[in-house]
Amino acid sequence: MKDSIYLVLDMENDLVHADGPNGKAAYGEQVRGRRIIENTRQALDKARAAGVHIGFVRVGFSPDYRECPPESPIFSGARKNGIFKLGTWGTEVHPDLGMQPGDFDIVKHRVSPFYSTSLEAILRARGIRRIYCSGISTNAVVQATVRDGHDRDYEMVVLEDCCCALSAEEHAQSIAGLKRFCRLASSQDVVFE
């Protein structure tokens, strides 16, 4: 039997909470419009009921941003805007998702959760072969997770209605590009096994 994990990607306050810096901007509109928090919580409840492992992936840096690549187009704004600082409210998982003490907490310093994190060790230790995933944004962490997971021979399943990007167009393009590397499901129809 394959063991499975549901990875909830970058669903942290700086990105998805209505009071967070991105919650008041384009990401917030997409999160609310697509009901990302509610859909993700529904999927989490189903995964827990099925006995599937849960992992929350969070992007974060030390207070002095020592791990933050200074020339990175995607992370250059973190230091400037004071976001993604570990140990602060901004890098905590959104409270409505109900993170529990037994859940895996994977902190990353790049886009992919596989790069220089504990993820691979967790997957090997638990004999996990199937990864369900969702999060924000579809065209960054979700794509990186699916492609890296696929190339490491994991079966990848994306919960499409639990993902968003800065716009509906970016999200749709990202999902279209991922179809070759994963199965698509939704919080409504997913069967965790």
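Computed 3J(HN,Hα) for the stretch 8-13, one whole-Hz value per residue from the Karplus formula 6.51 cos²θ - 1.76 cosθ + 1.60 where θ = phi - 60°, is 9, 9, 6, 8, 10, 4, glycine and proline marked x.
Taking each DSSP H run with n ≥ 4 as -39500 (n - 2.57) and averaging over every residue of the chain yields -8500 deg cm²/dmol at 222 nm.
Computed extension length for Ala125-Met99: 7.2 nm, one decimal, from 0.36 nm per residue of separation with the Cα-Cα distance subtracted.
Annotation: amide H of Ile106 within the under-5 Å range of Phe56, Val57, Arg58, sequence separation 5 or more or interchain, hydrogens built in the peptide plane.
About its Cα centre, the stretch 74-124 has a charge dipole of approximately 380 debye under the convention of +1 per Lys or Arg Cβ and -1 per Asp or Glu Cβ, with nothing else charged.
Diffusion coefficient of the stretch 1-160 by Stokes-Einstein, Kirkwood radius over Cα pairs, 10 °C, 1.306 mPa s: 100 µm²/s.
For the residues Pro63, Pro73, Pro21, a GNM of the chain with alpha-carbon springs under 10 Å puts the largest fluctuation on Pro73.
Summarising the label geometry, the points placed 7 Å from Cα in the beta-carbon direction at Asp64 and Trp89 lie 2.7 nm from one another. Taking 20 Å as the straight-line reach from the Cα of Lys179, the aspartates and glutamates in range (excluding those fewer than 8 positions away in the same chain) are Asp148, Asp151, Asp153, Glu155, Glu160, Asp161, Glu169, Glu170, Asp189. Straight Cα distances below 23 angstrom link Lys108 to the lysines Lys80, Lys85, with same-chain residues fewer than 8 positions distant left out. With the simple spin-label model, which puts each label point 7 Å out from Cα in the Cβ direction, the Ala172 to Tyr115 separation comes to 2.9 nm.
Rounded to the nearest 20, the Cβ-based charge dipole of the stretch 7-53 about its Cα centre (Lys and Arg +1, Asp and Glu -1) stands at 240 debye.
Taking the three principal axes of the alpha carbon atoms in the stretch 75-168, the coordinate ranges are 38, 33, 27 Å, sorted in descending order.
Averaging Cα coordinates gives a centre for the stretch 36-77 and one for the stretch 132-176; these two points are 13 Å apart.
Bear in mind that the values in this text are calculations on the coordinates, not laboratory data. Being a predicted model, the structure only gives us computed values, none of them experimental. All Cβ positions, glycine included, derive from the backbone under ideal geometry; neighbour counts span all protein chains shown.
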